[in-house]
Amino acid sequence: MTLLSLFVLALGLSIDAFAAAIGRGAANGAPHFGAALKGAAIFGITEMLTPIIGWTVGWMFSDWVEAVDHWIAFGLLAAVGSHMAWHAWQRDEDEPPPATTLLGMIGTAIGTSIDAMAVGVSLALLDVDIRVAAPIIGATTFGMTLIGLLAGRRIGEAFGHRAEIAAGIGLALIGCGILWSHTVG
């Protein structure tokens, strides 16, 4: 997987954190810079750790699934991406704003990073160096969350939903590309 592919993957994974940050900013007003940095750090670190967990699980079982790894990667990315897009499509516009407590922020960060854990399994099966991938995913999520928190009021909820739908479709398409490259290419 190239650095460009990893960055695109990281953008796809960070869109749900971005959407959550937009929602927080839109509902509660843009926070001061220090609070935005703190929130972005929570999301970035969480999003960096979850693919490492998934990668470890995938690496432990890689000998058993080597013959079908591209199918597993396709299935996981397609399922996660489809679920992300579907969830964003079905979300109620009147959903309450994100919690403003530290515990609420951590819970939201974990919730938005579950897909990164599944992607971590795929990265192990594709023999991607997690020491490169995880920091890229974490740093991208940090940046996207910081932007979302600071610009949330101006960007608004409608853009956040569309961005999350696009990210889900993007993850599914990355899965299709992996399958294509292993079966046709």
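Filtering Ile136, Ile169 for residues that are surrounded by fewer than 19 Cβ atoms within 10 Å (Cβ to Cβ), of a type in the set (A, V, I, L, M, F, W, C), modelled with pLDDT of 85 or more and closer than 12 Å to Leu13 by Cα leaves a single hit, Ile136. Output the residue which, of all residues in segment 139-166 that are at pLDDT below 70 and of a type outside the set (D, E, K, R), is farthest from Phe43 (Cα to Cα). Taking the candidates together, the pick is Ala158. Taking first residues from segment 27-43 that are over 14 Å from Gly107 (Cα atoms) and partners that are at pLDDT below 85 and β-branched (Val, Ile, Thr), the Cβ contacts under 8 Å between residues at least 6 apart in sequence or on separate chains come to Asn28/Thr100.
The values are calculated or read from the model by the stated rules, or taken from the named source; none is laboratory data. This structure is a prediction, so every number in the text was calculated from the model and none was measured. Cβ atoms come from the backbone with ideal geometry, glycine included; neighbour counts cover every protein chain shown.
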